[in-house]
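Before I ask anything, here is the structure I am working with.
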Amino acid sequence: MVQDLDGRIKPMNTLASEFLRKLSRKPYFKYTENGKSIRYSANQAFLAMQSAPNIWQYVPLIKVDPKKGGELFSNLSINENGLVSFSELLEKEGKYLLDEVVENANKKKPAERSEFDKEVLKVDERFNILYNVFAGNYLKVFPNSNDKNNKWHSHTHHFQDFPAEDGRFAKQIMPNYFKDVNEKNWVEASEKLGYIKTFQDVLGADIIPSRKRIEAELWYNQLNLNFWLFQVYFTLGALLLVLALIKIFTKKKLIEFLWNGLIILTLISFLIFTGNIILRWYVSQHAPWSNGYEMLVFVSWVLLLCGLLTFRKSDFALPLATLFSGALLFVSYLDWLSPEITNLMPVLKSFWLKVHVATIVSSYAPLALSAILGFMALLLTIFKTKTTKKVIDIKIKELTYINEISMTIGLFVLAVGTFLGGIWANESWGRYWAWDPKETWALISIIVYAIVLHLRLIPKLKSNYVLNTASVFAFGSIIMTSFGVNYYLSGLHSYAAGDPLPIPTFIYVLVALVIIVSVLAYFRKRSFNATNT
């Protein structure tokens, strides 16, 4: 067992996996030379780097992007996997190659940093992580019986604050263990691991997880289900969407058989997904919706649940929900969100937090479903022809019907969740409402969706097109509430403290796409109305 920087006690395997993902974006190590490949698990690579750092500093381990790095990276020896060695980033005199550019990048505000600056900072972080691995600073395996805060230390600690006998043991056991490993004295090395385990069990008994939780965490790491599930959902969603389009024109038994088979597979994958969330809950000992990564995963789960509950009402509900669930899981796997299991801050250890966050996040799923159903209805409007008009109009009505129901449910749950947030705020900070940016934008989202749902009361705006278009644009308020506030506004829920990050390019692309589709659908609708009159 090892203690991380957050103070959580976890298996060495978890630390090793997190370390490799940060370093090379993969949970394992693979090295290819002269057509021969060597593959190490996270445990093997992590141990090897610390037992022989003088060798591993020449092995390509650090992920770099040569395009973003430009001329600075042009002289580096980058292997086929986009990796460079630790030594490559050091000049002959031992000077750090990125020293000046990192200093300049850090002086800039996040919003002012170029792609080059961001890439340099990422590489610098990986370099420093690797340096600390080579130095042995991550091996915090020795609990201090004199420390009331249960802080653990690595073998590089001075140990002057330890009891004398414990200090001598901790200082000598790890170097001797690595010596046995390098000399392949496996029996002696295993004995020393046993001594370290006994040392931990005796002095860290109060904070070490149970054996079942440790095994559950190792199982969770090994399965890595979210990585496989986003691929499964992309595949199932795409196949279901193709069949849904085919079903518009034909009702063959083979199509129905394939359709039902894919629905069963989606249901099975949903049950597996549910089990994985429960497993993470058991390992972390708190509800798995406490950070950005867990929120995306939970929204993905609720969204798929909504798709399964409504698939009989429209052939497009489940395919779109499955595709979007896969997209959310894919985004959660990207390097800007951390999948680490962390300890909760004291203010977050509240019953009302669990209920509030679960309710709020659950509301995002039906609202997301309404947005993608609205977008699909607009696409069907664009591609509608005189031949298919009758059947596609029926499909659009089905999508609009589910869209309105999803929006109504989402708005109701969002409103309830916001009131529950007030109860948690009163318990944590002694006030129900303080116009914090997160609170304000939650209220804005409620008002936006209330307006959208009441547009049908205005005769000129009572149409399927208006509702579907409004549902797509309204989801922007949810994106701002769930992510924008965290990074662009200063408040209790913020990470950027008012120093905003640059808006990702894909956001502009999505907005442009939605506007183009909305305009095309509008003119397509007008052309059909003109023809009918």
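The values are calculated or read from the model by the stated rules, or taken from the named source; none is laboratory data. All values reported here derive from a predicted model rather than from experimental measurement. Cβ coordinates were reconstructed from backbone atoms using ideal geometry, including for glycine residues, and neighbour counts include every protein chain displayed. For the accessible areas, the whole protein counts, side chains as well, though only heavy atoms, and no ligand, DNA or RNA atoms are used. Shrake-Rupley method; radii C 1.70, N 1.55, O 1.52, S 1.80 Å.
Has the stretch 32-40 got at least one residue that is open to solvent by 20 Å² or more (accessible area, probe 1.4 Å) and touching a helix residue (DSSP H, G or I) at 6+ places or on another chain (Cβ under 9 Å)?
Step one: filter the stretch 32-40 for residues open to solvent by 20 Å² or more (accessible area, probe 1.4 Å), giving 32-40.
Narrowing further to those that are touching a helix residue (DSSP H, G or I) at 6+ places or on another chain (Cβ under 9 Å): 40.
Yes, the stretch 32-40 contains at least one residue that is open to solvent by 20 Å² or more (accessible area, probe 1.4 Å) and touching a helix residue (DSSP H, G or I) at 6+ places or on another chain (Cβ under 9 Å).
Would the stretch 154-164 turn up any residue that is part of a helix (DSSP H, G or I) and either surrounded by fewer than 18 Cβ atoms within 10 Å (Cβ to Cβ) or of a type in the set (A, V, I, L, M) (or both)?
Yes, the conditions are met somewhere in the stretch 154-164.
Among Leu61, Leu47, which is open to solvent by less than 80 Å² (accessible area, probe 1.4 Å), of a type in the set (A, V, I, L, M, F, W, C) and either over 30 Å from Arg213 (Cβ atoms) or not in a helix (DSSP H, G or I) (or both)? Steps first, please.
On the way: Leu47 fails: either over 30 Å from Arg213 (Cβ atoms) or not in a helix (DSSP H, G or I) (or both).
Being open to solvent by less than 80 Å² (accessible area, probe 1.4 Å), of a type in the set (A, V, I, L, M, F, W, C) and either over 30 Å from Arg213 (Cβ atoms) or not in a helix (DSSP H, G or I) (or both) holds for just one of Leu61, Leu47, which is Leu61.
When the residues of the stretch 380-390 are narrowed to those that are in a helix (DSSP H, G or I) and modelled with pLDDT under 90, which ends up most open to solvent (accessible area, probe 1.4 Å)?
Lys390
Can you list residue pairs whose Cβ atoms sit under 9 Å apart, with the first residue in the stretch 127-142 being open to solvent by 10 Å² or more (accessible area, probe 1.4 Å) and the second being of a type in the set (D, E, K, R)? Count only pairs 6 or more apart in sequence or on different chains.
Ile129/Lys22; Tyr138/Asp4; Lys140/Asp4; Lys140/Lys151
Quick one: which residue in Lys95, Lys109 is open to solvent by 80 Å² or more (accessible area, probe 1.4 Å) and touching a residue at least 24 places away in the same chain (Cβ under 8 Å)?
Only one candidate qualifies: Lys109.
Then there is this: For the structure I just gave you, tell me whether Trp424 is outside any helix (DSSP H, G or I) and either touching a Phe, Trp or Tyr at 6+ places or on another chain (Cβ under 6 Å) or open to solvent by 30 Å² or more (accessible area, probe 1.4 Å) (or both). Steps first, answer last, please.
On the way: outside any helix (DSSP H, G or I): no; either touching a Phe, Trp or Tyr at 6+ places or on another chain (Cβ under 6 Å) or open to solvent by 30 Å² or more (accessible area, probe 1.4 Å) (or both): yes.
Here the answer is no, as Trp424 does not meet what is asked.
Let me ask you something else. If you go through the stretch 321-354, how many residues are at pLDDT 85 or above and either aromatic (Phe, Trp, Tyr) or more than 30 Å from Gly237 (Cα to Cα) (or both)? Spell out the reasoning first.
Step one: of the stretch 321-354, the residues at pLDDT 85 or above are 321-330.
Going one step further and asking which of them are either aromatic (Phe, Trp, Tyr) or more than 30 Å from Gly237 (Cα to Cα) (or both), we end up with 324, 330.
So the answer is 2.
Further question: Testing Tyr177 on (1) on the phi > 0 side of the Ramachandran plot; (2) under 38 Å from the mean Cα position of the chain (by Cα), one condition comes back false. Which one is that?
So Tyr177 meets the others, but not (1).
Going through the stretch 64-96 one residue at a time, which ones are in a helix (DSSP H, G or I) and touching a Pro at 6+ places or on another chain (Cβ under 9 Å)? Steps first, answer last, please.
Within the stretch 64-96, the subset in a helix (DSSP H, G or I) is 66-69, 71-74, 87-89.
Scanning the stretch 64-96 gives Phe73, Ser74, Glu88.
Tell me which residues, restricted to the stretch 181-196, are closer than 19 Å to Met12 by Cα and free of Cβ contacts under 8 Å to residues at least 24 places away in the same chain.
Passing the criteria: Trp186, Ala189, Ser190, Glu191, Lys192, Leu193, Gly194.
Which residue pairs have Cβ atoms closer than 6 Å, lie 6 or more positions apart in sequence or on different chains, and pair a first residue in the stretch 308-326 that is open to solvent by less than 10 Å² (accessible area, probe 1.4 Å) with a second residue that is of a type in the set (D, E, K, R)?
Going by the 6 Å Cβ cut-off, the qualifying pairs are Ser314/Glu398.
Also: Can you work out which of the residues in the stretch 518-533 that are among the β-branched types (Val, Ile, Thr) and modelled with pLDDT under 80 is least open to solvent (accessible area, probe 1.4 Å)?
Within the stretch 518-533, the match that is least open to solvent (accessible area, probe 1.4 Å) is Thr531.
Which residues, taken from the stretch 444-466, are open to solvent by 60 Å² or more (accessible area, probe 1.4 Å) and assigned to a helix (DSSP H, G or I)?
Ile447, Ile451, Arg456, Leu457, Pro459, Lys460, Leu461, Asn464
Listed here are the residues, each with its yes/no results for (1) over 25 Å from the mean Cα position of the chain (by Cα); (2) at pLDDT below 90; (3) small (Gly, Ala, Ser).
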residue: Ala371; (1), (2), (3): no, no, yes
residue: Leu378; (1), (2), (3): yes, no, no
residue: Ile394; (1), (2), (3): yes, no, no
residue: Lys397; (1), (2), (3): yes, no, no
residue: Ile402; (1), (2), (3): yes, no, no
residue: Ala415; (1), (2), (3): yes, no, yes
residue: Gly421; (1), (2), (3): no, yes, yes
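Of all residues in the stretch 202-230, which are open to solvent by less than 70 Å² (accessible area, probe 1.4 Å) and polar (S, T, N, Q)? Write out each step before concluding.
Of the stretch 202-230, the ones open to solvent by less than 70 Å² (accessible area, probe 1.4 Å) are 203-205, 207-210, 213-214, 216-218, 220-221, 223-227, 229-230.
Scanning the stretch 202-230 gives Ser210, Asn221, Asn224, Asn226.
Right, next: Would you be able to tell me the number of residues in the stretch 279-304 that are aliphatic (A, V, I, L, M), within 19 Å of Gly326 (Cα to Cα) and modelled with pLDDT of 90 or more?
Count: 5.
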